[in-house]
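Everything on this sheet refers to the single structure shown next.
The values are calculated or read from the model by the stated rules, or taken from the named source; none is laboratory data. Since the structure is predicted, the reported quantities are computational estimates derived from the model, not experimental observations. All Cβ positions, glycine included, derive from the backbone under ideal geometry; neighbour counts span all protein chains shown.
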Amino acid sequence: MLKLQDISFIVDSENSTKKEIIKNINLTIDDHKFVAITGPNGGGKSTLAKLIMGIEKPTSGKIFFNDTDITDMSISDRAKLGISFAFQQPVRFKGIKVKDLITLAAGDSISTAGACEYLSKVGLCARDYINRDVDGSLSGGELKRIEIATIIARNTPLSVFDEPEAGIDLWSFNNLIKVFEEFHNQQKSLIIISHQERILNIADEIIIIADGTVRSFGSKSEILPELLNGTGSCKFYQEVQN
């Protein structure tokens with residue numbers, strides 16, 4: 001279970017003023033849940049994901065993972081506890097081969113065939129990528145799929161994805177939907193930041209973040225109709241999609 005308790009995040013802004021990006025958020029995400037986070041651009045979604053992973057530290061509040069206070073833990077320590085994170089813009093690793101990166105993610109020695117299996121799950125032809133460097137020779141979409149392959153290899157209880165559809169072609173996106181459904185079927189916990197209706201439609205619960213606050217949080221059957229109709233507190237959704 002992931003619990004965010006009174007989480008706020010404030011940064012220095014122009015003219016020596018302070019800007020509150022996340023405003024006193026309280027959330028509890030139960031085990032084995034697939035939760036989609038959506039909302040307008042600049043509303044704080046990616047910042048919230050980074051706070052969960054430890055890339056950013058909250059100005060105030062506490063974060064608990066399986067009853068352990070992880071608020072002051074490093075990214076590495078959170079990863080050891082079983083949290084994975086996929087960036088909106090994946091990191092490039094000059095001098096590291098794709099197979100080496102997947103092997104590191106798996107935490108054990110795996111065969112070339114084993115690494116290729118992870119690549120095939122994200123729609124990459126393994127023989128074309130297994131010995132490539134994870135550097136500027138790869139497109140953003142290729143890097144995104146390789147990163148998701150490493151998340152599959154890590155096989156952690158909780159995985160957080162920041163807009164996994166960004167830079168992904170339609171055929172690859174269909175593969176990603178299958179990957180997320182497989183995670184869910186394996187009783188893994190998923191948090192995915194997305195505007196994509198197909199991702200929202202396979203989630204158990206949807207959280208709407210706007211202006212640094214939780215505007216709505218409920219089951220897909222409760223929240224999705226409002227999002228698609230552009231009604232009530234969720235009417236911003238049509239603006240985001242246009």
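So that you can scan it fast, the table gives a plain yes or no per residue for (1) among the charged types (D, E, K, R); (2) surrounded by fewer than 16 Cβ atoms within 10 Å (Cβ to Cβ):
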| residue | (1), (2) |
| --- | --- |
| Gln5 | no, no |
| Asn24 | no, yes |
| Asn41 | no, yes |
| Asp108 | yes, yes |
What is the one condition in (1) free of Cβ contacts under 8 Å to residues at least 24 places away in the same chain; (2) surrounded by 14 or more Cβ atoms within 10 Å (Cβ to Cβ); (3) in contact with a Gly (Cβ under 9 Å, 6 or more places away or on another chain) that Cys116 does not satisfy?
-> (3)
Looking at (1) surrounded by fewer than 18 Cβ atoms within 10 Å (Cβ to Cβ); (2) hydroxyl-bearing (Ser, Thr, Tyr); (3) farther than 15 Å from Asp30 by Cβ, find the lone condition where Ser219 falls short.
-> (3)
Inside segment 122-153, the number of residues satisfying the requirement of being at pLDDT 85 or above, surrounded by fewer than 17 Cβ atoms within 10 Å (Cβ to Cβ) and among the basic types (Lys, Arg) is 1
Could you grab the pairs with beta carbons closer than 6 Å, sequence gap of 6+ or different chains, first residue in segment 187-205 and on the phi < 0 side of the Ramachandran plot, second one surrounded by 19 or more Cβ atoms within 10 Å (Cβ to Cβ) and polar (S, T, N, Q)?
-> Leu190/Ser159; His195/Thr38
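Only one of these is more than 16 Å from the chain's Cα centre (by Cα) and among the basic types (Lys, Arg): Lys50, Lys45, Lys18, Lys33. Name it.
Lys18
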The residue that is farthest from Phe93 (Cα to Cα), considering only those in segment 164-181 that are at pLDDT below 90 and among the acidic types (Asp, Glu), is Asp169
Among the numbered conditions (1) over 21 Å from Thr213 (Cα atoms); (2) in contact with a helix residue (DSSP H, G or I) (Cβ under 8 Å, 6 or more places away or on another chain), tell me where Asp108 comes up short.
-> (2)
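Search segment 137-173 for residues being among the hydrophobic types (A, V, I, L, M, F, W, C) and without any contact (Cβ under 8 Å) to a residue 40 or more places away in the chain, and hand back the single one that is farthest from Ala113 (Cα to Cα).
So the first thing to find is which residues in segment 137-173 are among the hydrophobic types (A, V, I, L, M, F, W, C), and the list is 138, 143, 146, 148-149, 151-153, 158, 160-161, 166, 168, 170-171, 173.
Imposing the further condition that a residue be without any contact (Cβ under 8 Å) to a residue 40 or more places away in the chain reduces the set to 152, 168, 170, 173.
On the way: Ile152: 15, Ile168: 25, Leu170: 26, Phe173: 23 Å.
Per the stated criteria, the residue is Leu170.
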Mind checking which residues of segment 204-242 are of a type in the set (Asp, Glu) and at pLDDT below 50?
-> Glu239
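What number of residues within segment 182-196 satisfy the criterion of being surrounded by 13 or more Cβ atoms within 10 Å (Cβ to Cβ) and over 14 Å from Gly39 (Cβ atoms)? Please lay out each step first, then the result.
Applying the first criterion (surrounded by 13 or more Cβ atoms within 10 Å (Cβ to Cβ)) to segment 182-196 yields 183-184, 188-196.
Pick out the ones that are also over 14 Å from Gly39 (Cβ atoms) and you get 183-184, 188-190.
Final tally of qualifying residues: 5.
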The residue that is surrounded by the most Cβ atoms within 10 Å (Cβ to Cβ), considering only those in segment 47-105 that are within 30 Å of Glu20 (Cα to Cα) and hydroxyl-bearing (Ser, Thr, Tyr), is Ser84
Given (1) surrounded by 19 or more Cβ atoms within 10 Å (Cβ to Cβ); (2) at pLDDT below 95, index of the condition Glu14 fails | (1)
Selection count, segment 82-103, where residues are touching a residue at least 12 places away in the same chain (Cβ under 8 Å) and more than 30 Å from Asn41 (Cα to Cα) = 9
Please specify each residue of segment 129-168 satisfying the condition of being more than 23 Å from Phe34 (Cβ to Cβ) and of a type in the set (S, T, N, Q).
-> Asn131, Ser137, Ser139
Given (1) within 22 Å of Ala166 (Cβ to Cβ); (2) touching a Pro at 6+ places or on another chain (Cβ under 8 Å), number of the condition Thr71 does not satisfy = (1)
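Give the residues of segment 122-161 that are under 28 Å from Lys45 (Cα atoms) and in contact with an Asp or Glu (Cβ under 8 Å, 6 or more places away or on another chain), sorted by residue number.
Within segment 122-161, the first condition is being under 28 Å from Lys45 (Cα atoms), and the residues that meet it are 122-123, 134-136, 138-161.
Result: Gly141, Pro157.
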